[in-house]
Every structure is written in structure tokens, then in C-alpha cells.
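The values are calculated or read from the model by the stated rules, or taken from the named source; none is laboratory data. A quick note: this is a predicted structure, and the numbers were derived from the prediction, not measured. We place every Cβ from the backbone using ideal geometry, glycine too, and count neighbours over all the protein chains shown. When the accessible area is computed, the model is the full protein with side chains, heavy atoms only, and any ligands, DNA or RNA have been set aside. Shrake-Rupley method; radii C 1.70, N 1.55, O 1.52, S 1.80 Å.
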Amino acid sequence: RLALFVGYLAIPIQYYLVYRGFDHAFLVFIPLAMFLFIPAALALSEKMHRVGSSMTMIPSLLILTVYMPSHLLMLKHIHFEQFDEASGSLILFVIVITAFNDVFQFTWGRTMGSRKIVPNVSPNKTVEGLVGGLLTTGALGYFLRFLTPFSGLEVVLISVGLGLLGFVGDIIVSAVKRDLMVKDIGDSIPGHGGVMDRLDSLAFIVPFFYHLCFYLSDRL
């Protein structure tokens, strides 16, 4: 319970760092500090049953459900010299691209999909669905380029890359659910599972997009 308390306490601290725009502290707090504090709390509890798996699982869950999604709000602290609306519009851009990428891949897979990619992990994922989804996501990104400071070609390439990351994030979470023998991570959204079942792609896409924008902000 002490370790879980430390884990829950990390959530408001992480988002406070996001709110203040403390870039370095935001980046290292959970991956470094929590990977030290949580195992220490578990060791101090002196309850050794499954302590090794808990030392791995609790920090990993913090990474997936808190650290990675919190990059979305850090986009508000990125500024491009030639693009005044970057902070809010970049958030809108990455959310729309992520949501529609899932829809596009699902639709293409249902209508034209035949060759399965990872049938033992996610039986509905097909080559046709992935390729069609990525191409459609790239086209959508081009039409949404006004939300970004990037050129047409740049935003197409970025959108395709984000779509591919969304696919990877989806199959990673699907593999975890297979291992745990559960269909959905939660049940807070009737008929669609839990919140993380809808945010798995976003959790993997947003950190990449944030660091890409952070790197490019000094060059555009």
C-alpha cells in the first residue's frame, strides 16, 4: 500500500511539473525518481510476496498511464517563432490524427483486410488496414497542416509516422491484455472498455510528437 500511495502521489506532482513547464524535471521525475522511490517503498514494507513483479509493474504503469500521456499538455510550452498558435493547435492536431488513424485502420481492415499481421496478438490487424490507414492519415494530416508550423510534405511524413506509432502502441497494449487474459483494461466506457483501451495509441504517439516538436522548435 505504501508503494501504491507513492505511485498515486506521483500523479499530481507530474502534472504540477507540466503546469509550471519544468521541462527537465518533468522528463526525469517518473522514469528516474519513481523507479527509485517505489522499489524503496516496497523494500521498506518488508512484504516480499511478489515484490519483484511489483517493482516492475507499478513504475511501468506510471510510465504508460501518467508519464507518456502528460506529454500532451507539455505541448503548450512549445513555441515556434513563425507560428503563434502552436501550443493549442498542436494539441488538437495530434488528438485528431490519433483518433482518425484508429478509425482509418479499422475501416480499411474491415473492408479490404485479408493478410493478418499479428494474429496471435490482435487478430483484426491486417496489412491492408495498416497501409490504407497510414495513407489516409497522411492525407488527413496534409489537410490539417494549418494547425502546425510544418510544410505539406513534413506534415504528411509526420502524420504517417504518428499513425505507425499508434499501430505499435495498440498491439503492445493488446499483447499485455492477452497475457493478462482480459478483453479490456477497464469498463468505464460501456461497450468500448476502459479509458486506456481508447488512449493506448495516444500514449505512444504523444511523447514522440512532443520531442519532435521540441527539437524542431529551435530550427523553424
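One line per residue, one yes/no per condition, for (1) modelled with pLDDT under 85; (2) open to solvent by less than 80 Å² (accessible area, probe 1.4 Å); (3) over 19 Å from residue 66 (Cβ atoms):
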site: 149; (1), (2), (3): no, yes, yes
site: 158; (1), (2), (3): no, yes, yes
site: 167; (1), (2), (3): no, yes, yes
site: 178; (1), (2), (3): yes, no, yes
site: 185; (1), (2), (3): yes, no, no
site: 196; (1), (2), (3): yes, yes, no
Closer than 30 Å to residue 14 by Cβ, within 21 Å of the chain's Cα centre (by Cα), open to solvent by 40 Å² or more (accessible area, probe 1.4 Å) and not small (Gly, Ala, Ser): does that describe residue 131? no
Meets criteria (within 29 Å of residue 126 (Cβ to Cβ) and open to solvent by less than 40 Å² (accessible area, probe 1.4 Å)) for residue 38: no
Since residue 124 meets every condition but one in (1) surrounded by fewer than 21 Cβ atoms within 10 Å (Cβ to Cβ); (2) part of a helix (DSSP H, G or I), which condition does it not meet? (2)
For the range 147-173, the count of residues that are without any contact (Cβ under 8 Å) to a residue 12 or more places away in the chain and assigned to a helix (DSSP H, G or I) equals 3
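Of a type in the set (Ser, Thr, Tyr), surrounded by fewer than 13 Cβ atoms within 10 Å (Cβ to Cβ), at pLDDT below 85 and at negative phi, is that true of residue 45? Walk me through it before giving the result.
On the way: of a type in the set (Ser, Thr, Tyr): yes; surrounded by fewer than 13 Cβ atoms within 10 Å (Cβ to Cβ): no; at pLDDT below 85: yes; at negative phi: yes.
In short, no.
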Filter the range 54-111 for residues that are open to solvent by 50 Å² or more (accessible area, probe 1.4 Å) and outside any helix (DSSP H, G or I); the one that is nearest to residue 2 (Cα to Cα) is 79
